[in-house]
Amino acid sequence: MKNRKLLLILKTIFLGCLFVSFSAKSQIQFGLKKVNVFTDISYSSPEKEMKNFYTLGDLMKFYIGAEVPFLAANYSKKSTTGLSVAALLDHEIANFSSNNYLSEGLNAKMTSLGIRVRPFANMAVYSPKGKIVDGYYIEEITHKVKGTDEFGNSKYSEYTTTESTPIWSDEGAKLLVTMFLSGLYFDYGKTNLDLIEHPFNDVNRTATMYSYGCSPSLGTGGKVTMFIDLGIRHYKWINSLNTTSGIKTWHIGFGVGFNLK
């Protein structure tokens, strides 16, 4: 019941962000402009039915993942804050000790494919169109003007203006808040789960995964961005006896973002 409520909250946040982002004032853009790669340390614990058979095993495992933002929508024309939606592919492993002496313990391998949504993303960081110079987001905007010449014929002209916007807000507490909100993310997707427990046969399951966390940028340059990553991930699947098992993981680590354009 608790997990269902959490999923409902996550879906409500996602739909709400989509509704706001596709308003008349939003600026929607599609395209692949950035890829973020993360390498974290993972801590795992069994949930639901698994808690009856397994306990904590090796605490420090590795989590690796990559996300590619493909949709962005600024909430207003004069702000770099907006919705960022990215394709997510990641892999992690977990280990648990058995409550009996019949096995050597359980190893789990999880490979997931899903969607990562940032409801308050900074477009200069997650979907860049312009350049970053001395902490400012520099964007060149081309304006097209339609007119007529002295003979009444239509003619078109263009001119370019440059807009400069601070990447973050003022120093102090406001800076920390805006960095946290920009890095806030929610994940949802499907997982290929391999359960390995010697001397028994391996078991394969398809699990539902969802997670939430924050990956604020620590340094932003013209081509490369450094991130810190903090997150919580849940895996849930149905067993052959129609019972539900789950794994909960905590992630902490770093990431690097590369601008593709």
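The values are calculated or read from the model by the stated rules, or taken from the named source; none is laboratory data. Bear in mind that the values here come from a model prediction, so they are computed numbers and not experimental data. Virtual Cβ from ideal backbone geometry, glycine too; neighbours counted across all protein chains shown. We work out accessible area using only protein heavy atoms, side chains counted, and drop any ligands, DNA or RNA first. Shrake-Rupley method; radii C 1.70, N 1.55, O 1.52, S 1.80 Å.
Some observations on this one:
- Accessible area of Leu176 (1.4 Å probe, protein heavy atoms only, ligands and nucleic acids ignored): about 120 Å².
- Charge dipole magnitude, Cβ of K and R +1, D and E -1 - segment 171-241, Cα centre, debye nearest 20: 220
- Residue-count net charge about Tyr63 - beta-carbon cut-off 15 Å; Lys, Arg +1, Asp, Glu -1: -2
- Restriction of the chymotrypsin sites (Phe, Trp or Tyr not before Pro) in segment 189-237 to DSSP coil positions whose beta-carbon has at most 16 other beta-carbons within 10 angstrom yields Phe200.
- Percentage, to the nearest whole number, of Cα pairs in segment 28-103 over 18 Å apart: 61
- Efficiency of FRET between Phe200 and Ser79 - r from beta-carbon atoms, R0 45 angstrom, step 0.05: 0.20
- Of Lys51/Lys190; Lys51/Lys109; Lys146/Lys261, those spanning more than 28 Å from alpha-carbon to alpha-carbon: Lys146/Lys261
- Modelled label positions at Asn99 and Met60, each set 7 Å beyond Cα in the direction of Cβ, lie 2.9 nm from each other.
- Listed residues Gly213, Thr191, His251: farthest to the positive end of the dipole of segment 176-261 (Cβ charges): Gly213
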